[in-house]
Amino acid sequence: MKAVDLIPSSPIRALGMPIVILALFALFALLQPAMASFANLENLLKQTSLLFMLAAAQLLVLICRGFDLSVGANVSLVSVVSCMVMVAMPEHAQVSIATAVLVALAIGCAIGAVNGLLIAYLEINPFVVTLGTMSILTGLATTISNGFPVFGVPEAFTYVFNQSRPLGLPAPLVAAIALAALLHLLLTRTTFGRILYLIGDNARAAMVAGRNVKLHLFLAYSGCGAIAALAGLMMTAGTGSGEPNLGTSLVLNSIAAAVVGGASLRGGVGSVQAPILGALLVTIVSVGMNLAQIDGSLQSVIIGFIVIVAAFTGTIGEKLRR
């Protein structure tokens, strides 16, 4: 099988998902006209952009037939630590922000590297590894913050990463577009990206072909951690404080967005289109239910149902292609 053939194409999903997204948006707009307001549309784009980043992080490891349950805890730890760094240097805002960003990205890379080391080189199941790191990181975020938000973040931080409008677009959207472009190039125009698809499709074949499977898995998880850390910074700028529980509900949503958009839990399938469409769908459902004053506890039920349906239709599609 040629590497390029591993990059999937699903015309049905490519056409069907935008139709479903538009139909859902129209339905919620009818139930609550505020859904189509300019202010809500901008809010929708911001939330979609942030969820896209986490779904993009998941995509990297889903392609390799893995997943990362620690992305939410990664976000929480990055949020707390980055804010503590900035608060510790209030008289030097620019220096403190730059330092916080570097520390946050370093934390994300380190978390991803640990996951990658345990999964790729020690061959421990991804579920066990990332479940364990999720628990550790959640405990660390809560412990170092004493369970309380970290306030006193410089206004320049919230402005640059959330309120600014480079090119006339919200900062999170610009960051998401840049990430999408880089991820697309990585997956479709580089040997590294093609090997990730080969590993997800048939890891043994990749090894026989002389590919360093362990190294590529390690780098995929490291990249996942770094992207999750970037998302954590952007989300922290949105809240204006370091929140130890910021990423609590993000694991399900990140996996849901990637899978609903077209990635496969069986590996070897998914393009940058998957987290884009999936994030938009999940965000519309979430925001629409909030505006329609539907019980928030039902959101997890509905999103879980969407994941099951998406996984089922993906399995059917794979069988039909064989």
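The values are calculated or read from the model by the stated rules, or taken from the named source; none is laboratory data. As the structure is a computational prediction, the values presented were derived from the model and not from experiment. Cβ: placed from backbone, ideal geometry, glycine included. Neighbour counts: every protein chain shown. Just so you know, the surface numbers come from the protein's heavy atoms only, side chains and all, with ligands and any DNA or RNA stripped out. Shrake-Rupley method; radii C 1.70, N 1.55, O 1.52, S 1.80 Å.
Overview of results
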quantity	calculated
Segments classed as helices (runs of 4 or more DSSP H), wholly inside region 228-322, with at least 3 members that are modelled with pLDDT of 90 or more and surrounded by 24 or more Cβ atoms within 10 Å (Cβ to Cβ)	250-261, 273-291
ILE63 vs. criteria in contact with a helix residue (DSSP H, G or I) (Cβ under 7 Å, 6 or more places away or on another chain) and either surrounded by fewer than 16 Cβ atoms within 10 Å (Cβ to Cβ) or modelled with pLDDT of 90 or more (or both)	yes
Matching option when the condition is open to solvent by less than 50 Å² (accessible area, probe 1.4 Å), free of Cβ contacts under 8 Å to residues at least 60 places away in the same chain and not hydroxyl-bearing (Ser, Thr, Tyr), among ALA180, ALA141, ALA206, ALA176	ALA206
Which listed residue, of SER76, SER96, SER70, SER82, is among the hydroxyl-bearing types (Ser, Thr, Tyr) and surrounded by fewer than 24 Cβ atoms within 10 Å (Cβ to Cβ)	SER96
Filter result for ALA26 (assigned to a helix (DSSP H, G or I), at pLDDT 90 or above and under 19 Å from the mean Cα position of the chain (by Cα))	no
Which numbered condition SER49 misses (of (1) within 11 Å of the chain's Cα centre (by Cα); (2) within 21 Å of ALA110 (Cα to Cα); (3) part of a helix (DSSP H, G or I))	(2)
Entirely in region 87-181, the helices (runs of 4 or more DSSP H) that have 2 or more residues that are at pLDDT 95 or above and over 23 Å from PRO244 (Cα atoms)	none
Number of the condition not met by ASN146 [criteria: (1) at positive phi; (2) open to solvent by less than 70 Å² (accessible area, probe 1.4 Å)]	(2)
Tabulated pairs, region 261-280, first within 21 Å of PRO172 (Cα to Cα), second open to solvent by 10 Å² or more (accessible area, probe 1.4 Å) and modelled with pLDDT under 85, C-beta under 6 angstrom, 6+ apart or interchain	LEU277/MET17
Residue match in region 111-121 (condition: open to solvent by less than 50 Å² (accessible area, probe 1.4 Å) and closer than 14 Å to VAL78 by Cα)	yes
